Structure formats: C-alpha cells, structure tokens
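The values are calculated or read from the model by the stated rules, or taken from the named source; none is laboratory data. Since we're looking at a predicted model, the values are computed, not measured. Please note: Cβ atoms are built from the backbone with ideal geometry, for glycine as well, and neighbour counts cover all protein chains shown. Just so you know, the surface numbers come from the protein's heavy atoms only, side chains and all, with ligands and any DNA or RNA stripped out. Shrake-Rupley method; radii C 1.70, N 1.55, O 1.52, S 1.80 Å.
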Amino acid sequence: MSKPIVATTSLAGCFGCHMSILDIDDRILKLIELVEFNKSPVDDIKTFTKQCDIGIIEGGCCNSENVHVLKDFRKNCKILISLGECAIMGGLPALRNGIPVKECIEEAYLHGPTVDGVNTEKVLPNDDELPMILDRVYPCHEIVKIDYFLPGCPPRADLIWNAVAALVTGNEMELPYEVIKFD
Amino acid sequence: MKNTLIEIAARYGKDEARLMDILMDAQQALGYISKEAMEVIANELKISAADVEQTVSFYHFFARSPRGKYTIYLNNSVTSVMFGYQEIAEAFVKETGCQFGNTTSDGLIGLYHTACIGMSDQEPAAIINDKVFTRLTPSKVKEIVAGIKAGKKVEDLSVETGDGINAHPLVKSMVKNNIMRKGEVIFADYTLGTSLKKVAGMGTQDVINEVKNSNLRGRGGAGFPAGMKWEFCSKAEDTTRYVICNADEGEPGTFKDRVLLTEKAAQVFEGMAIGGYAVGAKLGILYLRAEYRYLKAYLESVLEEMRKNNLLGKGITGKAGFDFDIRIQFGAGAYVCGEESALIESAEGHRGEPRNRPPFPVTKGYLMKPTIVNNVETFCAVTRIIEKGSAWYTTLGTQSSAGTKVLSISGDCEKPGVYEIQWGMSIKEMLEMVGAKDTMAVQVAGPSGVCLNPAQFDRKIAFEDLPTGGSMIVIGKFRNLIRDVVLNFMEFFVEESCGSCVPCRSLNVVLKQRIEKIIAGNGTMEDLSELERLSKMLSMSTRCGLGQTSSNPILTTLQNFREQYEGLVRKDTDYISTFDMAASVKESCEYVDRKPNIH
Ligand SMILES: Cc1cc2nc3c(=O)[nH]c(=O)nc-3n(C[C@H](O)[C@H](O)[C@H](O)COP(=O)(O)O)c2cc1C
Ligand code: SF4
C-alpha cells in the first residue's frame, strides 16, 4: 500500500507552527517512513502534484492569496487540520480585527516607525499581482470546512506527532494533558 | 468639581466600601465620572485610581463620558421586543435625532439600551434619569421627547400615575402594580410590628427553629432552606454579622420584588429585622437595583417611619439590646450582582464578580463577616410565618414546597401581572388563570430556566418539579421562538457575563453567533450538535450560576422545540461558509486605489 500523503502550508502565520513540526526531533525519520510529503515548505514543492490525504494549515487568512491557498488545500486534501492559534482563531495577526483596514494600511506604509518620513510620496502598494487585504483576519474554519484543530502557540511537537501518527495508523490519538497547551 | 467630590466622599466617611454610593452621587452631581474625578475620589479614599476605575467600568449605569442631560435607557428584553420595542426604538431615534449608544450634539439627550428593567408586564418601557416610563407608544415617545426639548423636568414628562403606592407623592410613578391575585402569605392584610413584638419575646434559636419548621425555602430561585442558612450564620465564629436583602431582581421577566417593595416594604424590612434578631446582626442592607431608584425616597420614608415606631433602631419594641437598622445600597446595572457573592462584592464597592465558594456568605460574607443573603420575598414570608406560626404555613403548598409563591407573569396573555399562588399549581392552570390562549411555550424561571412545550404543561410549579424565582414568560404560537426569544436571551448573557471565567466570557459569544448563523439559514445539523456540546462544556466549567445556566435557553429549546431548529438548518451539506471575497476586499482595494480581481 502506498504511503499517506501530507501537505502543509503557512498562511498568515509566523512559521512557528512549522518549527514545531520540526521539533519532533529524530521522529522525523520515522515520519518520512510513514508518510510522503507533497506541497509543503518542508520539501519546497510549490504546487500540488497529486491528491493528498492530510493537509496541515498554519495561520489564518489575512489576504486573498491565503484564501486561494486554503481553498486549494481543501480541494486537494481529504483531511484538513488547523494547526495552532492563528489557524484556529486568527491569532496575533487578528489583533488588527476591529481596527479599520484603512488605519492598518496607513500604519504599515505611511506612519509606522520604519516608514515614517521615508515614504514621502505616500505610495500605497496596489499592483495587481499583490494579494488583496481582507477586511479582517479570518480563522480557517470560516472559509472552508476544517476537520481537526490542534491548539497551541505553537502546538507542542508531541501533539502534532500524536495527531499525525494517529491519523496515519488509524489508532486512537494519545492526548495526555501535558501535550495540550493553548499558549 | 474637586470640592464637590471631596464633599461627597466625606458624606460616606471616606469609606472605600461605600464606593458605589460615592460614584452614584458623583455622577448625579457631575453628569458622568471622568478620569480626573476618579483620581480625586481615589485620593480621598486612599485607594488607587485603578481600583476606582475598575468599579466604574464594570457597571452599565456608570458613565465615563457624558451621556446627556436626559439619559434614556430603553429596555431591549424579550418582553419589550414582543410588545413593540422595534417601533419604539425607531421613534426615539427619529424624535431625538440620535442613534443608540450616543448623545445628541448639544449634549441634551443620550440614547442607550438596557437589559430587563423589571417592567415585563408593562413593556416597552424605558428609564429616563431614574424615572420609569411604561407601555410606550410612538406617540408617547413623541410627547416625552418634545417635553425634554422644552426643558421640562423628568417628573413632568408624563402625567400618568400608577396604582397604589405608585401614586404616593414620594414615588409619583406611572408604574403599575398589576397585583392580579392575592394569596395568604404575602398580600394578605398584616398589622405592622406584630411579628417583631412576637420575636422580642422569643429566644433567637426559637426564631430560627420556627423558620426551619416552616420549611421556607429561598424565593430568589435556588430554594435553599432559609432556616438552615440562618442557623449556619448564627453559629459562625465571628459575632459581627450582617443581613442582606437581595433586591437586585435582574432575571428577565421577574418584577414581583418591585411590587413587594412598593406595597409591602415595611413587611420586608420587618423580616430583615427578624433575621437580624435571629442571627445576631445589627445592620441590614437592602441591595436594590439601580433600575428601582424611583422608589428611593419612599423606601427611606418607610425606614424612617419604622424607626419612629420603634420597629428599627435601638431597643426595637422596647427590648434592650434588640438593635437593628437598615440602609439601602444601590447597584448600578449588572445582572450578575444578583448572585449573592457578587452582590456582596458590589455592596463593598467592587466590581460585581462572584467569589469562589466556599467560604459561603454565612461564614464570610459582607466585609468577610457572617452574612445571610435572602430574597425580598423570603423576608416578607418570614414576617408572616412568625405571625401565624410554622404549623399554619406548612398547610399551604406541597410537601416539599411549603407556602405560596409570587409569580411575575408576562408575555402573550390577557392578564399579565403579579400572582400569589400556592406551590403545586400546574402550568396549564396558570395559563388559564392569566388568560393565555394558543401558547407555544412557557419560559419558566427566566432565561436561565427552562422553555417548556405544550406537552409539558401538566408539570407543577414547585421545587420538586419546576423550581422558579417567579419569572414566567408566556410565548404565543405566532412568535418566532429562536429569533425573538433564544437569541435575545443569549445577547443578554453575552452582555451580562462578568468575564472572569473564560468559558463564560467566550462561549456565550460563540453560542450566540451559532444561533445567528442558524437563523440566517447558514446552519447545518453539525451546528446543532456543536450547540449541544458547547452548551454542556459551558455549564460545567464556570464559577457561578450565570455561566452554569446561560446555555439553558439553547439546551432546553433544542430539547423541547428541536423541530424548529431542524426547520432552519440545511440538511444537504455539512458545511457552509459565509465568507464573501468581494465584500471583504472592497475597503482595502478602494483605499489603495486598485480594482479588485476576484476569481
Ligand atoms: C446570576 C445570578 C443572578 C441572581 N439574581 C438574583 C436576584 O436578582 N435576586 C435574588 O433574590 N437572587 C438572585 N440569585 C440567587 C442568589 O445568589 C441567592 O441564592 C439568593 O439571593 C438567596 O436568597 P434566597 O435563599 O432567599 O432565595 C441570583 C443568582 C445568580 C447565579
Ligand atoms: S460564570 Fe460568568 S458571570 Fe459567573 S463568575 Fe464566571 S464569568 Fe462571571
């Protein structure tokens, strides 16, 4: 039987959840035995080349591209997992929710400490190639159906390992309380 | 400003436990409580400005910025919505030219919402500068706002007066008592002082035994045996003890405590003094919700009268050492302050956040001293029990629920109002009594209680079957149960959660959003099971009764009216997203001047 195929992505996240995936240490060798990776920063495959079994999503959706990628994952993966606070709730990026988009753009390109006095022509990025900014940061499950949620900021490596191992082997997931952390 | 505040603080002996009163007076004098005002008060009381601010920010009726010379609080509770809230809200917006949550630019009028104000039998109702205006119609609104603009005093904005004491010169309110049925205990005639004279000749333990033998259970909802509570308190180590009467009456749909305090105030106060005698307390506090401030002058006159007649004060009824007095403590608009430990926190001048229990108030209550907290009706019943004896009392009601219960009945019926019945009446009998026809549901015990369907109308109003603090809302067949009742209740709990427990603070919001999603036609069967799962999680993981029961509107309607939910959810899919790309990028694209490319 062929190995289950896993894809991963980081949307509006900080890659911390992916670092936590790597934190499974030497079990990564076992993981490679258990599964095959497709689209993922782990192997740098940029587009789906086949249907996958498990899609792991880090980060919520703050722009149009995040939404496209997420929908693409839904289309190409049997099971989707929201990994970490940002995917589940919007996380840190969602701190901007409640602040008008206009003010966020101004802070980023006109008034923020790194641009203040530099962007004298007051250029606001508007090239068609750029992703469009959403009115707020959305958790993934508001855009597509998500099957499982793994909490944490980042989720503990053991939690990720236990979840993936359980999904792949079909065994019940081990959930000792030490591995579930919400921050 | 500074001198006014210094004078107000001095009025309360610069006692930090009287912060609520100080803030209320400050607001009355200055219109609102500014940051500077908080600092002055903090300075006077020798506490930090943050301590003052956290109390101010907790309560709905404390304003941190001006809310108008005339502040209108329109009630948006379920019965208000049933009887025309929408139309009245629009009329206020039209007449004042002001949106809700704002004041007019000239600072004359502020327009705000508020939760149930205890007028469910005469809705829609609003409070304007402590005066209550009931049974509002668009034309009454027009008249009121015209009066405001003409500079009339609040008391002259309406010429209507209510019945009974509501017409008393110290009350002069248009509120109606609507006492529809008088029973043997609360509303029967009583000669003031009879019971106090009787207890003065009894030992304190005899008084407690009499209350115990009567099987009187608390009338605030939870039904804890009153005599047992008093006994615990009387045996507590600390001998400085207090009596608190819970008149917060915040459960939407209840209003009987208002009527008792209007018509039977002295009888309630007498019950408190009896409690004071029994547990050895010298001070009683009536914790009265701010919504009932229009009764303040009258209640104070009743207390004064009782002092004159030697029924309060030193040496009550002439018995040396029988000293007991009562002061009124006002809340400032927070439902959770009806929970006894939150009430105590509030009476001490803090945010109304419930305490961890144990210790219970009977050992560590007001100012950490042993305290009995009882409902208005409980104290009122005690006065009668002492007069007529516990043996007589237990002949009323049922085996496990002795005596009578005062119900507050509102909603779709011909005769809403206050009914004193004997425990044991069935819902069906109750509906006949109030002239309710074509009833879809009865909400028993307020939002935190249960929503019954017609198949359950044989059930009995009694602790052993349907316990209740007395709120009964009749919901007619033509109503939209989920939208007008369940959603309204969830909005109420979101607003009123004190926020201490994460599940209560966040899951109420999540549940409310799920209900909105279902109402909008975007729900699935999965949402129904999620509602159930989250509701149970919420009720299991919170500190006080609010969070433990706030999902009841959902749980009990899911159980008793499941078909209504199933009629709303989509069954052809297990997931619906309401995300709209075009709408969500509109604002940012416009601002940076680009054309959205949606694909
Ligand atoms: C959120 C919440 C609100 C409450 N509101 C009231 C109230 O308005 N009036 C009341 O008498 N009891 C209220 N209670 C019950 C009180 O905590 C307490 O049980 C009661 O005052 C005790 O008096 P009793 O034994 O005479 O009923 C409330 C409880 C909770 C959890
Ligand atoms: S359950 Fe809700 S209202 Fe009660 S203490 Fe917790 S957060 Fe506050």
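Jot down the radius of gyration and Dmax of the stretch B:221-288, Cα atoms only, both in angstrom.
According to the Cα coordinates of the stretch B:221-288, Rg and Dmax are 13.1, 39 Å.
Pulled fully out, how much extra length does the chain show between B:D580 and B:N597, if you take 0.36 nm times their separation in residues and subtract their Cα-Cα distance?
Computed gain between B:D580 and B:N597 is 4.8 nm.
When the expected Rg is taken as 2.2 N^0.38 Å, what fraction or multiple of it is the alpha-carbon Rg of the stretch B:70-160?
Computed over Cα atoms of the stretch B:70-160, the ratio equals 0.96.
Using a Förster radius of 30 Å, what is the FRET efficiency between B:E184 and B:R135 based on their Cβ-Cβ separation? Nearest 0.05, please.
Computed FRET efficiency for B:E184 and B:R135 comes out at 0.45.
Tell me, what is the FRET efficiency for B:K282 and A:E178 to the nearest 0.05, using R0 = 45 angstrom and their Cβ-Cβ distance as r?
Working from the Cβ atoms, E equals 0.25.
With all protein chains present, calculate the accessible area of B:V93 using a 1.4 Å probe and round the result to the nearest 10 Å².
Surface accessible to solvent at B:V93 totals approximately 40 Å².
What are the semi-axes of the equivalent ellipsoid for the stretch B:404-476, taken as the square roots of 5 times the Cα gyration tensor eigenvalues, largest first, in whole Å?
Equivalent ellipsoid of the stretch B:404-476: 16, 13, 11 Å, largest first.
Which residue, chosen from B:I328, B:G424, B:M202, occupies the Cα position most advanced towards the positive end of the dipole of chain B, where the dipole is computed from +1 (Lys, Arg) and -1 (Asp, Glu) charges on Cβ about the Cα centre?
The residue sitting most towards the positive pole is B:M202.
Kirkwood hydrodynamic radius for the protein assembly as shown: how many Å is it when counted over pairs of different Cα atoms?
About 29.4 Å for the protein assembly as shown.
Mind checking the dipole of the protein assembly as shown: about its Cα centre, +1 per Lys or Arg Cβ, -1 per Asp or Glu Cβ, Debye to the nearest 20?
The calculated dipole for the protein assembly as shown is roughly 2280 debye.
Given B:V450, B:I576, B:N508, which one lies farthest toward the positive end of the charge dipole of chain B, if we put +1 on the Cβ of every Lys and Arg and -1 on the Cβ of every Asp and Glu?
The residue sitting most towards the positive pole is B:V450.
Taking the Cα centre of the stretch B:379-469 as origin and charging only Cβ (+1 Lys, Arg; -1 Asp, Glu), how large is the dipole, in debye to the nearest 20? Spell out each step's value before the answer.
Details: 8 positive and 10 negative charges, 41 e Å.
Using only the charged Cβ atoms, the result is roughly 200 debye.
What is the gain in length, in nm to one decimal, between B:K198 and B:E305 on full extension, counting 0.36 nm per residue of separation less the C-alpha to C-alpha distance?
Working: separation 107, 0.36 × 107 = 38.52 nm, distance 1.97 nm.
Gain on extension, B:K198 to B:E305, equals 36.6 nm.
Would you please calculate the Kirkwood hydrodynamic radius of chain A over all C-alpha pairs and express it in Å, rounded to one decimal?
For chain A, the Kirkwood estimate is 17.5 Å.
Obtain the nm distance between the two label points defined at A:I79 and B:T191 by a simple spin-label model: each point lies 7 Å from its Cα along the Cα-to-C-beta direction.
Modelled inter-label distance: 8.1 nm.
Quick check: net charge around B:D572, other residues with Cβ under 15 Å of its Cβ, Lys/Arg +1 and Asp/Glu -1?
-1
Expected output is a single nm value to one decimal: the length gained when fully extending between A:L95 and A:D147, i.e. 0.36 nm times separation in residues minus the C-alpha distance. What is it?
Full-extension gain reported as 16.2 nm.
Once R0 is set to 45 Å, what does the formula 1/(1 + (r/R0)^6) return for the Cβ-Cβ distance between A:A166 and B:N522, expressed as a FRET efficiency to the nearest 0.05?
About 0.90, to the nearest 0.05.
Spin-label point model (7 Å from Cα, Cβ direction): what's the A:H111 to B:E160 distance in nm?
Label-label distance for A:H111 and B:E160, simple model: 4.9 nm.
With loop defined by DSSP as not H, G, I, E or B, and exposure as at most 10 other Cβ atoms within 10 Å, which is the longest segment of chain B clear of exposed GluC sites (Glu not before Pro)?
Looking at chain B, B:1-236 is the longest stretch - no exposed GluC sites (Glu not before Pro) with at most 10 other Cβ atoms within 10 Å.
Among A:G117, A:V164, A:G91, which residue has its Cα furthest toward the positive end of the charge dipole of chain A, with +1 on Lys/Arg Cβ and -1 on Asp/Glu Cβ?
With unit charges placed on the Cβ atoms, the residue in question is A:V164.
In the stretch B:485-599, how does Rg compare with the Kirkwood Rh, expressed as the Rg/Rh ratio over alpha carbon atoms? Each step should come with its number before you reach the end.
Values: Rg = 17.4 Å, Rh = 15.7 Å.
With Rh from the inverse mean 1/r over Cα pairs, Rg/Rh is 1.10.
Taking a Cβ-Cβ separation under 4.7 Å as the criterion for a possible partner, which cysteines of chain B have none?
B:C98, B:C116, B:C233, B:C245, B:C337, B:C380, B:C413, B:C451, B:C498, B:C544, B:C589 - these cysteines have no disulfide-compatible partner (Cβ-Cβ under 4.7 Å) in chain B.
Let me have the 222 nm mean residue ellipticity of chain B computed from DSSP H runs of 4+ only, each contributing -39500 (n - 2.57), with the sum over all residues rounded to the nearest 500.
Details: 24 runs with 238 residues, N = 599.
Per the formula, -11500 deg cm²/dmol.
For the stretch B:2-56, list log₁₀ I(q)/I(0) at each q in 0.15, 0.18, 0.23 Å⁻¹, using the Debye formula over Cα point scatterers of equal strength and ignoring solvent, two decimals each.
After summing over all Cα pairs, the log10 values are -0.30, -0.44, -0.75.
Separation between the A:D135 and B:K94 pseudo-spin-labels, each 7 Å from Cα along Cα→Cβ, expressed in nm?
2.9 nm
Calculate the translational D of chain B in whole µm² s⁻¹ from Stokes-Einstein, where the hydrodynamic radius comes from the Kirkwood formula applied to all Cα pairs, the temperature is 10 °C and the viscosity 1.306 mPa s. Walk me through the intermediate numbers first.
Numbers: Rh = 25.3 Å.
Answer from the Stokes-Einstein relation: 63 µm²/s.
How well do other chains shield peptide B:574-580, expressed as the mean number of their Cβ atoms within 10 Å of each residue Cβ? The partial results should precede the final answer.
Numbers: counts 1, 5, 1, 8, 2, 8, 1.
That works out to 4 on average.
Kindly report, to the nearest 10 Å², the accessible surface of B:K176 as traced by a 1.4 Å probe over protein heavy atoms only.
For B:K176, the solvent-accessible surface is approximately 80 Å².
Could you give the alpha-carbon Rg of the stretch B:181-394 over 2.2 N^0.38 Å, rounded to two decimals?
0.92
Before we go on, tell me the buried accessible area for the B/A pair, both chains summed, 1.4 Å probe, in Å² to the nearest 100. Could the numbers behind the result be given before it?
Details: alone 24140 and 10780 Å², together 32980 Å².
Interface between B and A: roughly 1900 Å².
If ligands, DNA and RNA are left out, what is the accessible area of B:H60 with a 1.4 Å probe, given in Å² to the nearest 10?
Accessible surface of B:H60 is approximately 70 Å².
Need the list of aspartates and glutamates near B:K2 for cross-linking: C-alpha distance under 14 angstrom, and skip anything on the same chain fewer than eight residues off.
Answer for B:K2, where 14 Å is the Cα cut-off: B:D25, B:E36, B:E39, B:E44, listed by chain and number.
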